[in-house]
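Following: one structure in structure tokens, then a few remarks.
The values are calculated or read from the model by the stated rules, or taken from the named source; none is laboratory data. These figures come from a predicted structure and were not determined experimentally. We place every Cβ from the backbone using ideal geometry, glycine too, and count neighbours over all the protein chains shown.
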Amino acid sequence: MADMKALIKLMKELEHQVARCVRCGMCQAVCPLFEQTGRESDVARGKLALLDGLMQEMFKNPKGVSDRLDRCLLCGSCAANCPSGVSVLEIFIKARAALSGFIGLSPSKKVILRGMLAHPETFDWVLAWGSKLQKIFTRPANDLIGTSCARFVSPLLSRRHFLPLAPVPFHKLVAQISTDVGHSGLKVAFYVGCLIDKIFPRIGAETLNVLNHHQVGVFMPKTQGCCGIPAISAGDTETFNRLVRYNLNLFDSEDFDYLVTSCATCTSTIKKIWPMMLLDNQGDVKAKARRLSEKTLDINQFLVLITGLKKSEAKKRGDTRTITYHDPCHLKKTLGVSSEPRALIQTNSRYCFKEMPGADVCCGLGGSFNLQHYELSSDIGMRKRSNIKISGSSTVATGCPACMIQISDMLSRSGDRVAVKHPIEIYAEAIKLSGSGIF
């Protein structure tokens, strides 16, 4: 159980913030979940009405309140379009924390979050074994996208076409780095993130290649922990606080100008959620988190705003491919980063960029939402798949590894031959085309 004083403080903060909602219903027009279900309880306004009496309702039916709050993608569409400026994401995350503190975590969440995720070395060990054993239970589904599906009937894997764990995680390819400030005069800390480490090590490698090309010094400590978003989304403040402290200690050991990540979710978590969810009585930890958040930039932002981009000088070839871009919710709606990844993509002369309809509409993953409500998640994701196909693109790029997983699933299940890439991969290829010889 969480400390009761901390819970009461969270509840008071919720009451003050919920009062700002005027029930105008603007959130209905942008909520991807409401579009599928048409249920008032699935939209922000309905949840905020529920939270208005949360203190009383929590004692009457805490499980019911928790279940309704869990039916949310935490995409931030409602907050980004709220005319009253209600901090909906903050309210929902704090409400989940309050409820989890009151009713406790399920046994399965305790095993996953507190038994594995809270201990980075244990987490790495478990997934290393998972990588070795996965071929027994899976088979290839789409060679271009790189997806797999289950060999046997499985309630968890269902109809999913998922991206397998990498044979070698990024932390085994590059354990740690500490290079001097280069000719750029800059040094950055590189936060890798779980999905890049375990599923997309190529993104981590290309990020380092690009930073090296721009002659930026890099500090990358070994055995980095999760940013904590799965824990805090489940209301597990204990695991979240542990991971924040763990990572702060790692990155506190060297000086650097910026902390960069190639994961939209990690960026928004470090920049927004770390300082938001740490309590005032955590003094030094909260101050460190705030200072680090102020230095945190998405890799696309860093390259466009700080180092500047280098465009491929190679002439367009006859085999130019069409590429489109999906805006991750955590990148555009939470951080306001939208033009920068497009700028990276358009440095590459091998691609012709074309916008898809609804580029900033949620892909439907929503982290654990996809695990608990796969059919709803899939319905939302298939709309994204349709918009990608409408653009006529052979490649879709996005700055969020989680979105890459969802989009890969939707495209693969539909039998589409569309590659899914990160903008840093497209930019790295552009630099290679320029013949720099650094890669």
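Inside region 161-182, can you point out the residues that are closer than 18 Å to I196 by Cα, assigned to a loop (DSSP other than H, G, I, E, B) and of a type outside the set (A, V, I, L, M)?
The initial filter retains those residues of region 161-182 that are closer than 18 Å to I196 by Cα, namely 162-177.
When the remaining residues are screened for being assigned to a loop (DSSP other than H, G, I, E, B), the result is 163-169, 174-176.
Residues satisfying the conditions are P164, P167, P169, Q176.
I'd like to verify a number: residues in region 189-219 that are in a strand (DSSP E or B) and more than 19 Å from T265 (Cβ to Cβ), how many?
Here is the first cut: in region 189-219, the residues in a strand (DSSP E or B) are 189-191, 217-219.
Restricting the remaining residues to those that are more than 19 Å from T265 (Cβ to Cβ) gives 217-219.
Qualifying residue count, region 189-219: 3.
Within region 394-407, can you find the residues that are among the hydroxyl-bearing types (S, T, Y) and out of contact with any Phe, Trp or Tyr (no Cβ under 8 Å at 6 or more places or on another chain)? So that I can check it myself, show each step before the final result.
At the first step, the residues of region 394-407 found to be among the hydroxyl-bearing types (S, T, Y) are 394-395, 398.
The one that is among the hydroxyl-bearing types (S, T, Y) and out of contact with any Phe, Trp or Tyr (no Cβ under 8 Å at 6 or more places or on another chain): S394.
Looking at region 177-208 only, could you name the residues that are among the basic types (K, R) and surrounded by 19 or more Cβ atoms within 10 Å (Cβ to Cβ)? Lay out the reasoning, then the answer.
Just the residues of region 177-208 that are among the basic types (K, R), to begin with: 187, 198, 202.
K187, K198, listed by residue number.
Within region 172-203, which residues are over 19 Å from E425 (Cβ atoms) and either outside the structural domain of L292 (by TED's automatic domain parsing) or among the charged types (D, E, K, R) (or both)?
Going through region 172-203, the residues over 19 Å from E425 (Cβ atoms) turn out to be 172, 175-187, 189.
Answer for region 172-203, where residues must be over 19 Å from E425 (Cβ atoms) and either outside the structural domain of L292 (by TED's automatic domain parsing) or among the charged types (D, E, K, R) (or both): K172, D180, K187.
Right, E13: modelled with pLDDT of 75 or more, surrounded by fewer than 18 Cβ atoms within 10 Å (Cβ to Cβ), assigned to a helix (DSSP H, G or I) and among the acidic types (D, E) or not?
On the way: modelled with pLDDT of 75 or more: no; surrounded by fewer than 18 Cβ atoms within 10 Å (Cβ to Cβ): yes; assigned to a helix (DSSP H, G or I): yes; among the acidic types (D, E): yes.
When the stated conditions are applied, E13 does not pass them.
Conditions first: (1) basic (K, R); (2) over 22 Å from F240 (Cβ atoms); (3) modelled with pLDDT under 85. K63 passes all but one, so which condition is the exception?
(2)
Being over 22 Å from the mean Cα position of the chain (by Cα) and within 23 Å of V244 (Cβ to Cβ), is that true of even one residue in region 153-175?
yes
When you look at T239, is it assigned to a helix (DSSP H, G or I), in contact (Cβ under 8 Å) with a residue 60 or more places away in the chain, surrounded by 21 or more Cβ atoms within 10 Å (Cβ to Cβ) and out of contact with any Leu (no Cβ under 8 Å at 6 or more places or on another chain), yes or no?
Values: assigned to a helix (DSSP H, G or I): yes; in contact (Cβ under 8 Å) with a residue 60 or more places away in the chain: yes; surrounded by 21 or more Cβ atoms within 10 Å (Cβ to Cβ): yes; out of contact with any Leu (no Cβ under 8 Å at 6 or more places or on another chain): no.
Answer is no for this residue.
Would you mind stating whether S77 is of a type in the set (S, T, N, Q) and touching a Cys at 6+ places or on another chain (Cβ under 7 Å)? Show your work before the answer.
On the way: of a type in the set (S, T, N, Q): yes; touching a Cys at 6+ places or on another chain (Cβ under 7 Å): yes.
So S77 passes the test.
Considering every residue within region 152-160, establish whether at least one is assigned to a helix (DSSP H, G or I) and closer than 27 Å to E425 by Cα. If you could, list the steps in order and put the result at the bottom.
At the first step, the residues of region 152-160 found to be assigned to a helix (DSSP H, G or I) are none.
For region 152-160, residues assigned to a helix (DSSP H, G or I) and closer than 27 Å to E425 by Cα: absent.
For a quick check of your reading: which helices (runs of 4 or more DSSP H) sit entirely within region 335-439 and have at least 3 residues that are crowded, with 18+ Cβ neighbours inside 10 Å? If you could, list the steps in order and put the result at the bottom.
Values: elements: 339-345, 368-372, 374-391, 401-413, 423-433.
By residue number, 339-345, 374-391, 401-413, 423-433.
From the list S233, S158, S154, exactly one residue is in contact with a strand residue (DSSP E or B) (Cβ under 9 Å, 6 or more places away or on another chain) and either of a type in the set (S, T, N, Q) or modelled with pLDDT under 95 (or both). Which is it? Lay out the reasoning, then the answer.
Details: S233 fails: in contact with a strand residue (DSSP E or B) (Cβ under 9 Å, 6 or more places away or on another chain); S154 fails: in contact with a strand residue (DSSP E or B) (Cβ under 9 Å, 6 or more places away or on another chain).
Going through S233, S158, S154 in turn, just one is in contact with a strand residue (DSSP E or B) (Cβ under 9 Å, 6 or more places away or on another chain) and either of a type in the set (S, T, N, Q) or modelled with pLDDT under 95 (or both): S158.
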